[in-house]
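A quick write-up on the structure given underneath.
Derivation of every value follows stated rules applied to the coordinates shown; laboratory data play no part. What you see is a predicted model, and the numbers here were worked out from it, not measured in a lab. All Cβ positions, even for glycine, are placed from backbone atoms using ideal geometry, and neighbour counts span all protein chains on display.
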């Protein structure tokens with residue numbers, strides 16, 4: 001069933017199947033930085049000028065264009081620039097946010113006079129072989145509506161048979177000239193008088209390296225924020241990720257007896273970066289854990305024969321501040337630079353490093369505040385590197401008492417501009433698996449029931465619906481999750497339940513049936529969820545859906561206990577309610593009209609050995625009467 005969502009900020013959803021694929025379109029508004037950066041007086045074209053000159057022509061002819069380049073080279077700004085110039089009329093521009101298991105053109109919109117940007121970087125699963133052909137067809141359809149689509153892709157993902165059919169409308173995109181872009185951005189930041197600074201010798205190696213558009217803009221911000229020109233050496237070193245400082249810290253050889261070894265000092269440097277601002281005992285323990293991971297013995301004898309804690313911290317240039325220890329606070333971003341350097345310079349050891357860092361966060365002898373420093377540091381590293389493996393390791397490693405840190409980390413990551421879509425895809429993949437790890441299912445439920453789910457209810461409900469297929473009927477965790485969302489997003493929950501029930505009732509998909517019934521059972525197992533369900537129970541289509549759902553649950557053996565418990569709760573809740581008793585009895589009578597279901601009513605009927613519950617007696621009598629009327633009508 002189609003689900004069209006219209007919300008704040010120009011958000012729309014097209015072909016939104018909460019158990020399938022859909023795409024949301026978010027309006028690119030005046031506050032979007034890509035709009036400002038694409039203005040004629042500010043935009044710097046890519047260095048491959050010949051390809052760029054053909055890009056607008058290809059987009060105009062086919063209605064679609066693929067810009068293939070690494071993230072951070074100015075792809076989105078270039079896409080917005082192309083779309084602003086496309087067509088005969090001014091286009092309304094949208095970012096498309098896909099919600100799918102694999103890319104497909106079916107849920108993509110085709111409105112008139114629209115310009116769409118679709119980022120297909122880090123696609124979760126390769127598309128079907130005909131995806132490239134489908135893109136070309138979509139482009140032709142869009143062109144008929146005076147609309148256009150620019151796809152952003154990365155070279156590592158855009159290959160294979162399906163990509164070969166896009167060669168006629170795909171172009172590689174290089175970053176713009178870094179010097180020109182930095183100058184333009186610096187002027188836009190209100191400091192044209194500092195353009196002369198960029199001629200200095202400290203900047204010469206930077207212009208020779210010609211960094212990406214993202215880095216050129218970062219450099220412009222550093223120059224803009226500098227107090228004066230004397231700060232240029234420091235800002236240049238910061239721009240270079242404190243390379244000289246990092247190398248100095250990692251090259252300290254012991255000079256006297258009692259000094260820590262080179263490896264011991266490096267371990268302390270890296271641990272201090274992971275736990276910047278943590279307790280000194282946590283930093284030393286993390287360093288010892290890393291040495292242990294590298295098969296360096298750290299039994300009592302070896303620890304006591306090593307340098308003292310004070311010497312180890314001093315050698316690593318880690319300084320105390322109260323009961324906390326820090327790398328040089330005057331060098332902003334140094335801890336992050338140290339971790340990036342560690343991952344980049346020792347690529348064969350990243351699995352060991354992930355295991356070590358996650359183990360520190362999971363270690364219950366490390367205070368939770370310090371463990372949180374670790375998860376935040378790893379999240380920043382994952383975002384910078386676009387590193388999926390770091391997040392997967394956190395999901396596996398943070399269990400038990402530290403589960404809340406995993407929820408907190410993934411909640412933050414799910415909205416991160418650089419990593420959010422991948423994280424959301426991973427959450428969906430974990431519950432879409434045929435036999436997922438139970439810990440991962442619980443993690444997804446906790447995330448969807450929290451801040452992220454309240455902020456993004458449609459996305460959260462998709463994942464909760466799938467997670468419902470892997471939890472027992474009546475699962476407390478699932479009940480609480482649906483209750484939480486219903487409390488904050490009642491309309492979205494109503495829409496979702498309506499779509500699930502409507503779609504499942506018409507299809508013969510056992511997996512979808514189990515997911516839908518599990519979700520429905522979880523929702524009605526709280527009083528708030530029951531109220532949400534009963535609100536529209538008098539509407540014919542909703543009534544049919546509710547009757548089908550309860551009858552399907554009554555026919556499901558492993559749902560019996562949860563169903564009976566909830567029906568008894570309805571009895572206790574509504575039997576004396578002067579306003580709601582009759583509507584509930586009326587609904588239950590519809591559910592129990594078929595004789596095969598009424599056999600189970602006996603267990604509810606008896607109140608005492610010699611008395612019958614009036615509530616259930618009324619349900620039984622009304623159901624039997626309706627069955628009789630149906631039978632009479634059938635023979636006439």
Going 7 Å from the Cα of residue 256 toward and past its Cβ, which residues in segment 284-309 have a backbone nitrogen under 15 Å from where you end up?
307-308
Over segment 575-636, what is the mean sequence separation of C-alpha contacts under 8 Å (at least six apart), divided by residue count, expressed as relative contact order in percent?
39
May I ask for the angle, rounded to the nearest 10°, between helix 438-448 and the longest principal axis of the chain, with both axes built from Cα atoms and the value confined to 0 to 90°?
90
In percent, how large is the relative contact order of the chain, given Cα pairs closer than 8 Å and 6 or more residues apart?
8
If we restrict to alpha carbons, what Rg and Dmax does segment 318-382 come to, in Å?
12.7, 37
Answer check: the chain, Cα atoms, Kirkwood Rh, Rg/Rh ratio of 1.06
Ranked list, fewest to most other Cβ atoms within 10 Å of each Cβ, for 90, 514
90, 514
Output the peptides 541-551, 342-352 sorted from most to least packed, where packing is the average of other Cβ atoms within 10 Å over each peptide's residues.
541-551, 342-352
Between the modelled labels at residue 125 and residue 633 (7 Å from Cα along Cα→Cβ) the distance in nm is 4.3
5 Å binning of all Cα-Cα separations within segment 178-240, expressed as whole percents from 0 upward
4, 20, 37, 29, 10, 0
If you fit an axis through the alpha-carbon atoms of helix 75-85 and take the longest principal axis of the Cα set of the chain, what angle between them do you get, 0 to 90°, nearest 10?
70
Can you tell me which of 99-105, 148-154, 459-465 comes out highest on packing, and rank the rest after it, using the mean Cβ neighbours within 10 Å?
459-465, 148-154, 99-105
Residue-averaged [θ]222 nm for the chain, counting only DSSP H segments that reach four residues, each worth -39500 (n - 2.57):
-17000 deg cm²/dmol
Relative to the chain, whose Cα atoms define the longest principal axis, helix 368-385 and its Cα axis are tilted in degrees, nearest 10, by 80
Specify, per residue and in Å³, the volume enclosed by the convex hull of the alpha carbon atoms belonging to segment 484-570.
89
Whole-number percent relative contact order across segment 247-385, with pairs defined as alpha carbons under 8 Å at least 6 apart
29
